[in-house]
1. How many residues does segment 40-96 contain that are of a type in the set (Gly, Ala, Ser), more than 30 Å from Met1 (Cα to Cα) and out of contact with any Gly (no Cβ under 8 Å at 6 or more places or on another chain)?
2. Tell me, which helices (runs of 4 or more DSSP H) wholly within the chain include 2 or more residues that are under 30 Å from the mean Cα position of the chain (by Cα) and of a type in the set (Gly, Ala, Ser)?
Amino acid sequence: MKISKDDVKHVAELARLEFKEDDLDRFARQLENILEYMEKLNELNTSSVEPTTHVLQMSTPLREDVVNPWLSSEEALENAPEKEEGFFTVPKVIED
């Protein structure tokens, strides 16, 4: 598959990248090489290979989704070093 400079510019624009004009030819060749390799991979017979998201058989244990008792606002703020109008007060991070 032939990749042009315009193709590289378009992909770069989508990725919000800026390239010098003299780099465009090199990136076009590199993208061509990648796509050629992908075409070779498409030639492989993978009909007997099961789709997988991980090479190892893994499972994620899940807990029951049940509602548990929760602290009231007053209880949550009991030990807060600073509070204001029912909320935690935190130091200002952004200066004016």
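1. Of segment 40-96, the ones of a type in the set (Gly, Ala, Ser) are 47-48, 59, 72-73, 76, 80, 86.
Now drop any that are not more than 30 Å from Met1 (Cα to Cα), which leaves 59, 72-73, 76, 80, 86.
If we keep only those that are out of contact with any Gly (no Cβ under 8 Å at 6 or more places or on another chain) too, we end up with 59, 72, 76, 80, 86.
Residues in segment 40-96 being of a type in the set (Gly, Ala, Ser), more than 30 Å from Met1 (Cα to Cα) and out of contact with any Gly (no Cβ under 8 Å at 6 or more places or on another chain): 5 in total.
2. Details: elements: 5-14, 24-42, 73-77.
Here the list is empty.
Each reported figure results from applying straightforward, stated rules to the coordinates on display, with no laboratory input. What you see is a predicted model; the values in this text were computed from it and never measured. Cβ atoms come from the backbone with ideal geometry, glycine included; neighbour counts cover every protein chain shown.
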